[in-house]
Amino acid sequence: MFGGGGMNPRKMQQMMEQMGIDVDELDATEVVISLDDGTEVVFSDPDVTKMDARGQETYQVLGDPVERDAADAIEAAPADDTDDDDAIPQGDVDIVVQRASVPEDEAREALDAADGDLAAAIDHVDE
């Protein structure tokens, strides 16, 4: 290992470049490591460094980890953009509204009639 405790950072950077090692800091907001036993190790607001040494990428994560059950994370995850009334995503409705130039309720009806198939719903509205 290197004894770089007192080494000039610029000199250390030059040595790493000579060895073909690139180092980048990543702006990560969260790092989640999923384990086989169903738990997750979560780093919120971590310091993440990516090192590329001749094609081999290595990531270093620094921060205070919190362990949680993966099932808890699923329950805490935000719901997708579907209405509670049906399973048609709002994004699909918006696409039909835009492409077929129809009101939202008509687009939703067309998607219901087409079992959620966007192309079929747009064709149905155009008829």
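Please go through (1) touching a strand residue (DSSP E or B) at 6+ places or on another chain (Cβ under 9 Å); (2) exposed (fewer than 10 other Cβ atoms within 10 Å of the Cβ) for M51 and return the number of the only condition it doesn't satisfy.
Among (1) touching a strand residue (DSSP E or B) at 6+ places or on another chain (Cβ under 9 Å); (2) exposed (fewer than 10 other Cβ atoms within 10 Å of the Cβ), the lone unmet condition for M51 is (2).
Need pairs with beta-carbon distance below 8 Å; first residue touching a residue at least 12 places away in the same chain (Cβ under 8 Å) and open to solvent by less than 70 Å² (accessible area, probe 1.4 Å) and within region 98-124, second acidic (D, E) and not in a helix (DSSP H, G or I); sequence gap 6+ or separate chains.
Within 8 Å, the pairs are R108/D86; L111/D117.
Could you list, in sequence order, the residues of region 110-127 that are in a loop (DSSP other than H, G, I, E, B) and at pLDDT 70 or above?
A114, D115, G116, D117
Only helices (runs of 4 or more DSSP H) wholly contained in region 1-109 count here; list those with 1 or more residues that are of a type in the set (V, I, T) and modelled with pLDDT under 85. Break it down into steps so the answer makes sense when it comes.
Details: elements: 9-18, 70-76, 90-100.
Qualifying helices (runs of 4 or more DSSP H): 70-76, 90-100.
The values are calculated or read from the model by the stated rules, or taken from the named source; none is laboratory data. In this text, all values refer to a predicted model and were calculated from it rather than measured experimentally. Using ideal geometry, Cβ is built from the backbone for each residue, glycine included, and neighbour counts are taken over all protein chains shown. Surface areas here come from the heavy atoms of the whole protein model, side chains and all, with no ligands, DNA or RNA. Shrake-Rupley method; radii C 1.70, N 1.55, O 1.52, S 1.80 Å.
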